[in-house]
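Here's the structure we're looking at; comments come further down.
The values are calculated or read from the model by the stated rules, or taken from the named source; none is laboratory data. For clarity, every value in this text was computed on a predicted model and none was experimentally measured. Quick reminder, even Gly has a Cβ in these numbers, built from the backbone with ideal geometry, and neighbours come from all protein chains shown. Accessible surface is based on the protein model in full, side chains and every heavy atom, while ligands, DNA and RNA are left aside. Shrake-Rupley method; radii C 1.70, N 1.55, O 1.52, S 1.80 Å.
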Amino acid sequence: HSWMEDVIVPGFYGSDSGYTGHYILICGYDANSDEFEIRDPASCRKREKVTLKCLEEARKSFGTDEDLLLISLEKTEK
C-alpha cells in the first residue's frame, strides 16, 4: 500500500488554480530494511516507512520542484 494514496491535496484535481504546497519530514533511516521513516502531515497515518526508490519517484513527480532541505540536529560547540 503506497503512502501517497493517503495524501489529500485540496484543489489538486479541481478547477482551483491556486498553489497548494506539500511536504514530508524524513525522521530516520533503517539500514536493515533500507527504508526511510517519514511523517506526512497530509496523511492520516502517524508513521510510515518508504524505500529510497519510492521517495525519489515522489520527489521527481510531475509538478514538484524536487527540493530537499537538510537540517542537522547535532549540537555544535561555540
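Descriptive notes on the structure:
- A Förster distance of 22 Å, applied to the separation of the beta-carbon atoms of residue 25 and residue 61, puts the FRET efficiency at 0.75.
- Gain upon complete extension [residue 33, residue 71; 0.36 nm per residue less C-alpha separation]: 11.4 nm
- For residue 72, solvent-accessible area (1.4 Å; no DNA, RNA or ligand), Å²: 90 Å²
- Evaluating 6.51 cos²θ - 1.76 cosθ + 1.60 at θ = phi - 60° for every residue in the range 60-73, the Karplus couplings come out as 9, 5, 4, x, 9, 9, 6, 6, 10, 10, 10, 10, 8, 9 Hz, glycine and proline recorded as x.
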